[in-house]
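Each remark here refers to the structure printed beneath this line.
The values are calculated or read from the model by the stated rules, or taken from the named source; none is laboratory data. Given the structure is predicted, the values throughout are model-derived calculations rather than measurements. Backbone-built Cβ (ideal geometry, glycine too); neighbour counts: all protein chains shown.
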Amino acid sequence: MDFTLVLTQAINGLQLGILLFLLSAGLTLTFGIMDLINLAHASFYMLGAFICAAGTLYFDSFFIGVAIAIVITAVLALAVEKLVIAHLYVRDHLDQLLATFGLILIADTGVHLIWGPAGLAIPLPPVLQGQISFGELVVPVYRLVIIAVGLLMAAGLYWLVNKTRAGMLIRAGASNRQMLSSLGINVQVLFSAVFVIGAVLAGLGGLLIAPITEASIGMGNDIIITAFVVIIIGGIGSIKGAFVAALIIGFIDTFGRAFLDTLFAFFMSVESAETAAPAVSAILVYVLMALILVWRPQGLFPPKLR
Amino acid sequence: MNKNFLIGAALAGLCSTPLAAHAADIKIGFVTTLTTGGAVIGNDMRDAVNLAVEQLDSTMGGKSFEVLFEDDGFKPETGKQVTDKLIKEDNVDIVAGYIWSNVLMASYKSVTRADKIIISANAGPSAIAGKLCNENFFSTSWQNNQTPMAMGELLNARGVKSLYMMAPNYAAGKDMVAGIERTFKGEFVGKDLTKWGADAQLDFSAELAKAKASGADGLAVFYPGKAGGAFIKQYQQAGLNDVLPLYSVFTIDSISLPKLQEGKMDGILGSETSMFWGPDLDVPANKAFVASFKEKYGRYPSHYAAQSFDAINLIASAADMLDGDFSDTDKVRDALKKADFDSIRGDFTYGNNHMPIQNFYARKVVADADGNWTTSITKTVLESHQDVFAAECKL
Amino acid sequence: MRSQIFHKFGAALLLLTLLIVPFVMSYFGKTFWLDIFTRLIILSIAASSLSLLLSVAGLASFGHAAYIGLGAYAVGIPVYFETYGGNDFLAGYNGWWHLLLAVSVCALFALVTGAISLRTRGVHFIMITMAFSQMIFYLLVSLEEFGGDDGLSVDLRSEFALLDTVVLDIEEPWIFYLLCYVLLLLVLFVISRITHSHFGRVLNAARQNEQRVRALGVNPYGYRLFAFVLAGVIAGLSGVLYANYAYFVSPGMVEWTRSGELMFMIILGGVTSLFGPLIGATCFVLLEYFLSRWTIFWHLPFGLLLLGVVLFGRGGIVGLLTRRRRGELEP
Amino acid sequence: MSVLQTNNLTKRFGGVVATDAVSLSLEQGKVHALIGPNGAGKTTFIAQLAGQLMPDAGQILLNAKDITKLSEPERVRAGLTRTFQISSLFSDFSVLENVAFSVQARTGHSYRFWSKVASNARLNATAADLLELLGLSEKSQEKAAALSHGEQRQLEIAMALATEPKVLMLDEPMAGMGSEETQRLIELLGKLKSETTLLLVEHDMDAVFALADDLSVLVNGALIASGPAAEVRTHPEVISAYLDSGT
């Protein structure tokens, strides 16, 4: 097997992992702290992409588009939190699933009404186009940008959660919810803040991938389930777990797609290998989750109890 | 009490309104995708149908007609449900439309079982052209394999010796791959079938990396709808346009080109594709169609639009022959089989399986006189071509 | 007591309506209503089977659509082989054969995945059941011979031979409807008996307080597993009916959103009532029908409704009705 | 004769030793009280006996049979039942159903799918007897959640008794009860000991001294004294470590 190819795929896997992490970080926090299953997280991923695309096309600048998208996503997230989500914290998981699925339908149709069904493409500024070569290895600059931004966000979150007072509260909340109110913390404000941070990270993920795949209706709905798999594998409420699991899933998915058919071709016909491989690589992620749940029901890095 | 009464009244209202509106003599059902990303195609088809209705002044064979649009939601099951509804509730005379092979496969029996005619304005799966062919099925498009077979010939003509192929993992995708394999004489160095459907794969980085590493002379792809745009961007971003020339079928069309132009994807200028039709095809009916479409909607029609436009005109030709009487399906079938109308592709005939026997052309992506990107026909690749599955059809 | 009588009366009225309306509508030439109601009944069977897990046992299985898919393919594959040749062992139009296949495959799948899933709790259970149904989804996608992604047409409906001579002609839509209707009654009856049996009480108790059930000497695992298998088998039955109804099977039947829809039906109807899933499925199907006729953007009002039901309509429709009754009885 | 016996039972949570090599023996037909300050590890100890927690080391014997490896339900079926410090009921069930289910749990498997359990006369009659015994007859049709705190404590015991335990472990049964209710419960438990051996964890010293035949004192996870109640209460270490500060 070609080493350069493996390396290229590793970078692709890393990029997918980073993206999954941006989506999962907010999901795992809202889940861990507020005990909220939020499918509508997918909608912020989509909205981030669409708002960024609209901003980019209007102002003819990707960077302005990004700035606008982050601000508007945050405002929208705050509004949704106040209007809907805040009423769901005390409900059981089923109610949350249904209500946030309703939000997805509303967001998808809303986007269709505003921007039409076609989706929006985001033109990249020349700085971010082009490739960098490391010897044999040629990598599009923009993919490196995604990876860099994602790592930066991961580092930022690490700092926020582990080195600040707010982070202390977040960690406390993730392992023991009652403790927060007994500490006299304004739980409402903390919840809103966590929700908005999570939504903005998801939006950031969406707008980062959009220049590659375009912003399209329901783009988050496909990846949100994978993001849930990530937080289950990583351990609900754990940023570190989400990061590790996102990278694992990113690599498994990418390498599965890239090399599984070659692997299968050793012991079945090329024809069957070509059709079986995509299905099997899609299943791999779920098999991994099932195995981990059986082996460690709390995931790889559950937040420490008490 | 009051509340219940209101709900009852509201339900009754919902029941009756749509029914009261149907007063035309001839009803045509048109199933396409109006929601999800696939709606890009569906809207183009609907626009073309509406243009045809307008040009016919809602009359065919001396009778008034109307077209009832239904949304398949990009799902075979939904497509089947709305087809059933058109047949059983709206009592349409003919059903047309169908972008996706899988939606068509799920739905066509609902129509043929009721002994009505179904006209595909796009999908052309191999099964329905061959083994499962049905006398009540007609197509105004092509059999899935034909366009890629033309592509295979084009690749031979361009001297491509080794080829990498990518297509989505569904019926049409596999048909496309099979089509190229039938005619391409060089070597296949790799092939990827990617995930398709509601959660289709849109990040092709892994596959493009493989394609590049394969050292092929050319890359042949099939990515209809929104996946096409995504694919082209990544192709360009990966800097492949200098290394690995792109040959595409149903990927670059009038729907994706404006967006690609907006996104400054100039790497695709000059890339080639194969098709039974092109906006600049020199046929009077086509010139008129493209001009009126551009005038009404301010953009080039896609082949989806052209096929839908043809579908309505095909039906109109049958209505003219039968004085608008669609009650006898045998007569309707015979009339349709003549294909006696001014098609946007020029004259063509129907084979035994009711698939058109027609020419296929090579098209190149160029900028037109106004600077808008479009495609231009460069050569005829296949002449009066009949699909290979016609031999398997027992009609 | 009075509200219980009201409940029974309402249920009887609903069942009667379901029996009469499609025939009245067909009589007036609206034969499509028979289709709508057939679908509604089949989905009610599936939702009822899920409610045995969700409402009685408190197990939020998010992969219930997998069983509908398996049941449907248990019809699709034998019919395909019979029509186009191939595997002689599986091939056949015999409905009893389809049922046997569906029941055994669903029971086996439920037994294996249930044994694993039931080791987990809460959201982990939700996710692992979803994971297993995703595996079935991708498995069906990879079955290229049976159409892969595109699914498989079912050319002829199953043949149900009663005795030696009489064959139930379910190609006839109204006979098929009556078959589905009778099966729904049967399923509701069975679920009702089970809910109120010794077995059902264990499930119910374990939902309320698992710790105490164990402290009283009962390990709920086996009971839950049995319920899981039973619910899977009933959902498989609905899958057999669905394939016959649609003349079509596809992996799309197993998508996670379909499992979500089943849950929605139960919650919309009300989790505390035996007839909740039936009411929920009825509303769901009719809403989908009327809203989608009204606008292609029907997901917007539908989504708002979902939000509304969850935020304001606790206890679903049954909850709304009985609450109002109670209000009238106790001024 | 010893009914329930532990040998060097040990449980650690990280660095903290919650149960420190406890060896305890319960005599047939006696009330054995286990006392100790808050956080001494009483509930952890009970949880290990009941099988909710698995000990890191040591042995549990019930009627000389090793039950250390048995699961919680298996231990109950072997005759070792517990009650909970915070009432653990089925809140949607009626009071009668709570007890009837507990009877059902004892009377073999419940893979019976058809007959209506609510109209099973045998279960209901046994349950009604137990409610009578605990003075809850009048409340039998109420939802368990609607009972007062004291009534819930009584229901808690009725449910445990329904399993017909050989050894009954009561985790602070009197907690939060009024003095009248406490008095009645003391009487009841006194009557029970002819059939059932009791392990009583309790803070109410009056109740302990009224009932206990034997007494063990747990401090920081370790047993500092164990023996006949009269002897242990005069044990100097116990007085200094616990009884002094406790009362």
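Are any of the residues in the range A:261-275 within 20 Å of residue A:17 (Cβ to Cβ), surrounded by 17 or more Cβ atoms within 10 Å (Cβ to Cβ) and among the aromatic types (Phe, Trp, Tyr)? No, because not a single residue in the range A:261-275 is within 20 Å of residue A:17 (Cβ to Cβ), surrounded by 17 or more Cβ atoms within 10 Å (Cβ to Cβ) and among the aromatic types (Phe, Trp, Tyr).
Just to verify a result, which residue in the range C:240-249, among those that are in contact with a Ser or Thr (Cβ under 6 Å, 6 or more places away or on another chain) and more than 7 Å from every other protein chain (Cβ to nearest Cβ), is surrounded by the most Cβ atoms within 10 Å (Cβ to Cβ)? Looking at the filtered set, the residue picked out is C:244. Considering every residue within the range A:64-80, establish whether at least one is buried (at least 16 other Cβ atoms within 10 Å of the Cβ), part of a helix (DSSP H, G or I) and within 14 Å of chain C (Cβ to nearest Cβ). Yes, because at least one residue in the range A:64-80 is buried (at least 16 other Cβ atoms within 10 Å of the Cβ), part of a helix (DSSP H, G or I) and within 14 Å of chain C (Cβ to nearest Cβ). Taking the range B:72-81 as the range and being part of a helix (DSSP H, G or I), surrounded by 24 or more Cβ atoms within 10 Å (Cβ to Cβ) and among the charged types (D, E, K, R) as the test, only B:80 passes.
In the range B:39-71, which residues are part of a helix (DSSP H, G or I) and charged (D, E, K, R)? Passing the criteria: B:44, B:46, B:47, B:54. Taking the listed residues C:305, C:300, the one that is at pLDDT 90 or above, of a type outside the set (S, T, N, Q) and assigned to a helix (DSSP H, G or I) is C:300, with no other qualifying. For the range D:102-124, the set of residues classified as buried (at least 21 other Cβ atoms within 10 Å of the Cβ) and either of a type in the set (A, V, I, L, M, F, W, C) or touching a Pro at 6+ places or on another chain (Cβ under 8 Å) (or both) consists of D:103, D:105, D:117, D:123, listed by residue number.
A quick yes/no check of all residues on (1) out of contact with any strand residue (DSSP E or B) (no Cβ under 7 Å at 6 or more places or on another chain); (2) over 30 Å from residue B:305 (Cα atoms):
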residue	(1), (2)
B:179	yes, no
B:202	yes, no
B:208	yes, yes
B:212	yes, yes
B:221	no, no
B:234	yes, no
B:241	yes, no
B:246	no, no
B:250	yes, no
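Quick one: would you say residue C:126 is surrounded by fewer than 22 Cβ atoms within 10 Å (Cβ to Cβ) and facing chain A (nearest Cβ under 9 Å)? Answer is no for this residue. Restricting the search to strands (runs of 3 or more DSSP E) fully inside the range D:1-113 and requiring at least 1 residues that are of a type in the set (Gly, Ala, Ser) gives D:2-13, D:16-27, D:31-35, D:57-62.
When residue D:153 is tested against (1) in contact with a Pro (Cβ under 7 Å, 6 or more places away or on another chain); (2) assigned by TED's automatic domain parsing to the domain that holds residue D:27, exactly one condition is not met: (2). Residues that are closer than 16 Å to residue B:171 by Cα and not in a loop (DSSP other than H, G, I, E, B) are absent from the range B:82-91. If you go through the range B:217-240 and keep only what is assigned to a helix (DSSP H, G or I) and either more than 9 Å from chain A (Cβ to nearest Cβ) or buried (at least 23 other Cβ atoms within 10 Å of the Cβ) (or both), you end up with B:226, B:227, B:228, B:229, B:230, B:231, B:232, B:233, B:235, B:237. Counting only residues that are outside any loop (DSSP other than H, G, I, E, B), away from chain A (no Cβ under 12 Å), without any contact (Cβ under 8 Å) to a residue 40 or more places away in the chain and not β-branched (Val, Ile, Thr), the range B:180-216 holds 1 of them. The residue list C:252, C:222 contains one member that is more than 11 Å from chain A (Cβ to nearest Cβ), assigned to a helix (DSSP H, G or I) and surrounded by 24 or more Cβ atoms within 10 Å (Cβ to Cβ), which is C:252. Checking each residue in the range A:211-245 for being within 23 Å of residue A:124 (Cβ to Cβ), facing chain B (nearest Cβ under 10 Å) and assigned to a helix (DSSP H, G or I) picks out A:211, A:212, A:213, A:219, A:222, A:223. Of the residues C:118, C:99, the single one that is touching a residue at least 24 places away in the same chain (Cβ under 8 Å), more than 9 Å from every other protein chain (Cβ to nearest Cβ) and over 18 Å from the mean Cα position of the chain (by Cα) is C:118.
Listed here are the residues, each with its yes/no results for (1) of a type in the set (S, T, N, Q); (2) without any contact (Cβ under 8 Å) to a residue 12 or more places away in the chain; (3) under 24 Å from residue B:152 (Cα atoms).
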| residue | (1), (2), (3) |
| --- | --- |
| B:342 | no, no, no |
| B:346 | no, no, yes |
| B:361 | no, no, yes |
| B:367 | no, no, no |
| B:374 | yes, no, yes |
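Condition check: away from every other protein chain (no Cβ under 12 Å) and in contact with an Asp or Glu (Cβ under 7 Å, 6 or more places away or on another chain). Does residue B:285 satisfy that? Yes: the conditions hold for residue B:285.
Residue-level analysis places residue C:262 among those that are under 27 Å from residue C:140 (Cα atoms), in contact with a Leu (Cβ under 7 Å, 6 or more places away or on another chain) and among the hydrophobic types (A, V, I, L, M, F, W, C). In the range C:265-273, is there at least one residue being within 11 Å of chain A (Cβ to nearest Cβ) and modelled with pLDDT of 90 or more? Yes, the range C:265-273 has at least one match. Within the range A:24-54, being surrounded by 24 or more Cβ atoms within 10 Å (Cβ to Cβ), away from chain B (no Cβ under 12 Å) and within 20 Å of residue A:122 (Cα to Cα) holds for A:43, A:44, A:45, A:47, A:48, A:50, A:51, A:52. Return the total of residues in the range B:203-216 being surrounded by fewer than 23 Cβ atoms within 10 Å (Cβ to Cβ) and in contact with an Asp or Glu (Cβ under 9 Å, 6 or more places away or on another chain). So the count comes out to 1. Inclusion of residue B:362 among residues that are small (Gly, Ala, Ser) and assigned to a strand (DSSP E or B) is warranted.
For the range C:32-70, the set of residues classified as part of a helix (DSSP H, G or I), more than 19 Å from residue C:185 (Cα to Cα) and touching a Phe, Trp or Tyr at 6+ places or on another chain (Cβ under 7 Å) consists of C:66, C:70, listed by residue number.
Listed conditions (1) free of Cβ contacts under 8 Å to residues at least 40 places away in the same chain; (2) over 30 Å from residue A:133 (Cβ atoms); (3) assigned to a helix (DSSP H, G or I) are all met by residue A:91, apart from (3). Checked across the range B:278-286, the condition of being of a type outside the set (Asp, Glu), part of a loop (DSSP other than H, G, I, E, B) and touching a Gly at 6+ places or on another chain (Cβ under 6 Å) holds for at least one residue.
Scanning the range B:5-20 for any residue that is assigned by TED's automatic domain parsing to the domain that holds residue B:326, under 30 Å from residue A:221 (Cβ atoms) and at pLDDT below 90 turns up nothing.
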